[in-house]
Structure formats: structure tokens, C-alpha cells
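For reference, the structure discussed in these notes is given below.
The values are calculated or read from the model by the stated rules, or taken from the named source; none is laboratory data. Just so it is clear, the structure is predicted and the values come from calculations on it, not from any experiment. No Cβ is skipped: glycine too gets one built from the backbone with ideal geometry, and neighbour counts run over all protein chains shown. For the accessible areas, the whole protein counts, side chains as well, though only heavy atoms, and no ligand, DNA or RNA atoms are used. Shrake-Rupley method; radii C 1.70, N 1.55, O 1.52, S 1.80 Å.
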Amino acid sequence: WNISLKFDKIFPDTTADGWYNDAVTYAVSTGIMTGYQSNGLFGTSDSIQRQDFTVMLARYAGADLSAYANAQNIFPDVDNNGYYAAAVKWGVDKGIITGYTHNGMFGVGDSISREQLVTMLYRYAKNVLGKDVTVSADAATNATEKFNDYNNVTLNEGVLWATEKGVITGKGENHDAIDPQGNAQRCEVAQIMYNIFKNDIL
């Protein structure tokens, strides 16, 4: 991205001095995220559903989704007429999305967990951009020492990449928790995308 931003309060439910404000401004200014049309709010602490983050990632990638309008849909719970359908098909085609192994569903309507989200970003970096996503030999040890809940992670490849690259920096006052199964809040997603921008990760 080649952009110059003036960070400021831009939604009624964000604060000019909030920790997430620069990130929200970045995500909205670049078109990755939008506010709610119904009430004009950003929804700072709201969870993001799996299909909605897929749409956001497609926006970030600048994907031509028109090519996927008539593509085959492999998930029983994806409505071919849904606003998200082409983005999900794009994600499958690019190796970003695999769906749930236990039931073959995509999980439309489910909140995306923090580890699911960074795993999608990891697959985007690897499969779409061809980035070297190799982590250091000490990555797991470092993550275990830094984050008190790393043992709760189930999607290790994506999380290790995200922690080592600075995609995520940790939650809580001491930034010592990954909260891998926790729902990704909209302010957190904005911060993750802003971290990627600031650190030139993708």
C-alpha cells in the first residue's frame, strides 16, 4: 500500500485515543473494512463471522470475484446467491479455505476464531503470494515462553508464523495471551491488518 493517512476519530463508537484507532482508520481508509450501514457504527468489539473475513481478505487481495460467480460451490452451507459466495469460492480456489473437517461445512454464520483468521492469512501469504512462511527453529519455544496460552493452539503453522512475523502481538495488559479459540473482534482484525501494513509482511 502506498497511502498517507490522517488518523482521527471516524465512528461514533471509536475514540480518538483508543488503542485501535489508527488500525480502524487504516482498515476503513483502504477499503478492507467498512462500518455498519444500519447505524453508522464500526462495531469495535463485535465478532466477525467466517464469511465476512473471507470477503475482507478478498478486498485486501484485490481479487476479481466476478470470475467466481458461476464457479462450483463445495460447501452445503454456502448460499450461491449470498453476498459472500464468490469470495468463499475464491478462497477455496486459492487454497486459503478448507472448511471444517468434521462436517464438510464452511461455517457460514460462525464467528471466526483468532487462530482460524491468522491461518487464513498464512495460507494467503503462502499459496497466493508465494511468500516464504518458514519460521525459525525456536519459534515454538519462543511462543511458549511469550504466550501463557500457546498450548491451547491447534492450528500451529499459522499461529507460529503470525506470532513470529508480528501479525499478532498478544492480548491482555501484558500482551501475553494469544486467545486462539477466542472470537476475533472487529477492532482486533483491524489491528492485525494494520500490523501487516506497518511491518510490510505481505
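Observations on the model:
- Of the criteria (1) hydrophobic (A, V, I, L, M, F, W, C); (2) under 16 Å from the mean Cα position of the chain (by Cα); (3) more than 17 Å from I192 (Cβ to Cβ); (4) open to solvent by 20 Å² or more (accessible area, probe 1.4 Å), which one A87 fails: (4)
- Single residue of S136, S66 found to be small (G, A, S), more than 20 Å from the chain's Cα centre (by Cα) and assigned to a helix (DSSP H, G or I): S66
- Exclusive hit being under 24 Å from C187 (Cα atoms), of a type in the set (V, I, T) and modelled with pLDDT of 95 or more, set V108, V92, V24, V28: V108
- Single match in N73, N81, N183, N142 (criterion: open to solvent by 80 Å² or more (accessible area, probe 1.4 Å) and either within 21 Å of Y60 (Cβ to Cβ) or over 19 Å from the mean Cα position of the chain (by Cα) (or both)): N81
- Filter pass, L160 being over 25 Å from S29 (Cα atoms), touching a strand residue (DSSP E or B) at 6+ places or on another chain (Cβ under 9 Å) and either crowded, with 17+ Cβ neighbours inside 10 Å or touching a residue at least 60 places away in the same chain (Cβ under 8 Å) (or both): no
- Being without any contact (Cβ under 8 Å) to a residue 24 or more places away in the chain and either assigned to a helix (DSSP H, G or I) or open to solvent by 20 Å² or more (accessible area, probe 1.4 Å) (or both) is a description that does not apply to G109.
- Selected residue (criterion: farthest from W90 (Cα to Cα)) from residues of the range 118-139 that are open to solvent by 70 Å² or more (accessible area, probe 1.4 Å) and charged (D, E, K, R): D138
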